[in-house]
Amino acid sequence: MTKSVTSDVSHEVLAIRGGRPVIPAGPPTWPIPDEDVRAALEAAYADGSWGRYHGPHCERLAAQLAQMHGVEHVLLCSSGTVAVELALRGLNVGAGDEVILAAYDFGGNFRAIEAVGARPVLVDIHPRTWCMDESQIGDAVSATTRAIIVSHLHGGIASMKSICELAARHNLAVVEDACQSPGAIAGDRMAGAWGDVSVLSFGGSKLLTAGRGGAVITKHADVHQRVKIFCERGNHAFPLSELQAAVLPPQIDKLAKRNEKRRENVERLHRACSDLPALVPILLDPVESHPVYYKHAWLYEADRCGGHSRDTLIAALQAEGVKVDAGFRGFTRRPLRLCRKIGTLRSSQHAAEATVLLHHPVLLETAESMQRVADALRKVVAALV
């Protein structure tokens, strides 16, 4: 592949300072128009299934997800956040137990551990993959450790084979959080197919969206049964509706093709911005992983950009029409009364302070659109250096 030719916008006035934005129309919205989703909504209205407790859509979606991940048991629920708690409950994790978690992760995962009465044990991430550093798991294990929650974040793919082997040696269960990575390949299988229990999210910003919703996926019948029992309060207490379930199969059918386009556009972006030392992209091994991009991540090195803060960079890029935000706050500053910490957690702290995330809708746009994103990045960095 040839290197992308960039436009010369380096001398233009930043939009945040009154100049013309590189992308005047702003970022694309999500979800995108989809006639198959429209047809599914209209069909659910026509047959009345949209307003029922029980209908064909949840059953069909659960079967599709089970086949996709090579498991027998799928329980649909109200969010990916509650799915993590349900996964822990299905594994009988509770009061007095410990659960290993990366110190840079989604805040709901820390809260899910607390919700079941367990204690988080924080380990560091790899410095450029945003995923759990498996080499720290052994040091984190204690007599009360019961499980590991491991997430695939920002296009990064966790080392699931190594993590699962370590977990087996220590008799620990693995909860695999694939909320950001539906359809990704981790090693020799799909993300979400490694864990004793895995979770998906169908939230309004996700690659598979129903506005809200999630799923608990497992190969273990006893885990599935415990989750079902916990959810049963006369009816399912944390349900996905039939209407929500109706819109997801058409999106799953297109997921692989859309993920491939996102990967191609990320590669274009990397080529166009390869000479911007202030923005360090995620590091991936293409042999061992096949990522997807719910968010695309950079580490922002402020000392290579005139010392300007991350907030300054983000505000300038947003004014140019690029949808970027800061990463997670992480847990490195949580007090020791709430968690146990392994080592310095230096990489997690750096990720919390320096991660810049590009939202995924633009990754389904044209090569020209990606060039405009690259132009905006170059324009802002040039102005701030």
Among the residues of the range 209-231, are any under 18 Å from Arg258 (Cα atoms) and either open to solvent by less than 50 Å² (accessible area, probe 1.4 Å) or modelled with pLDDT of 95 or more (or both)?
yes
Hey, any hits in the range 315-327 for a residue that's over 22 Å from Ile16 (Cβ atoms) and either at pLDDT below 95 or not in a strand (DSSP E or B) (or both)?
no
Report whether or not Val37 is part of a strand (DSSP E or B) and of a type in the set (Val, Ile, Thr).
no
Just give me the residues in the range 129-173 being of a type in the set (Gly, Ala, Ser), under 21 Å from Gly96 (Cα atoms) and touching a helix residue (DSSP H, G or I) at 6+ places or on another chain (Cβ under 9 Å), in sequence order.
Gly138, Ala147, Ala167, Ala173
Identify the single condition in (1) at pLDDT 95 or above; (2) open to solvent by 30 Å² or more (accessible area, probe 1.4 Å); (3) under 20 Å from the mean Cα position of the chain (by Cα) that Ala95 does not satisfy, given that it satisfies every other one.
(3)
Flagged in the range 292-341 as farther than 30 Å from Asp139 by Cβ and among the polar types (S, T, N, Q), in numbering order, are Ser309, Thr312, Gln318
So Ala237 fits all but one of (1) in contact (Cβ under 8 Å) with a residue 24 or more places away in the chain; (2) under 19 Å from Val84 (Cβ atoms); what number is the exception?
(1)
Specify the residue that is farthest from the chain's Cα centre (by Cα); the eligible residues are those in the range 246-289 that are among the polar types (S, T, N, Q), modelled with pLDDT of 95 or more and under 19 Å from His154 (Cβ atoms).
Asn265
Checking Asp105 against (1) farther than 21 Å from Lys219 by Cβ; (2) outside any loop (DSSP other than H, G, I, E, B), which single condition isn't satisfied?
(2)
Could you list, ordered by first residue, the pairs with Cβ atoms under 8 Å in which the first is in the range 242-260 and within 27 Å of Gly51 (Cβ to Cβ) and the second is crowded, with 21+ Cβ neighbours inside 10 Å and of a type in the set (Phe, Trp, Tyr), at least 6 apart or interchain?
Gln244/Phe202; Leu248/Phe202
Looking at Val385, Val381, Val373, which one is under 15 Å from Val9 (Cβ atoms) and surrounded by fewer than 17 Cβ atoms within 10 Å (Cβ to Cβ)?
Val385
Of the listed residues (Arg334, Arg258, Arg263), the one being within 27 Å of Ser151 (Cα to Cα), in a loop (DSSP other than H, G, I, E, B) and open to solvent by 10 Å² or more (accessible area, probe 1.4 Å) is Arg334
For residues in the range 127-161 being within 20 Å of the chain's Cα centre (by Cα) and surrounded by fewer than 19 Cβ atoms within 10 Å (Cβ to Cβ), which is modelled with the lowest pLDDT?
Arg128
Which condition breaks for Val227 when tested against (1) under 20 Å from the mean Cα position of the chain (by Cα); (2) touching a residue at least 24 places away in the same chain (Cβ under 8 Å); (3) part of a helix (DSSP H, G or I)?
(1)
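The values are calculated or read from the model by the stated rules, or taken from the named source; none is laboratory data. Because the structure is a prediction, the values reported are computed rather than measured. Counting neighbours? That spans all protein chains shown, and the Cβs are built from the backbone with ideal geometry, glycine included. All accessible areas refer to the heavy atoms of the entire protein, side chains included, with ligands and DNA or RNA removed. Shrake-Rupley method; radii C 1.70, N 1.55, O 1.52, S 1.80 Å.
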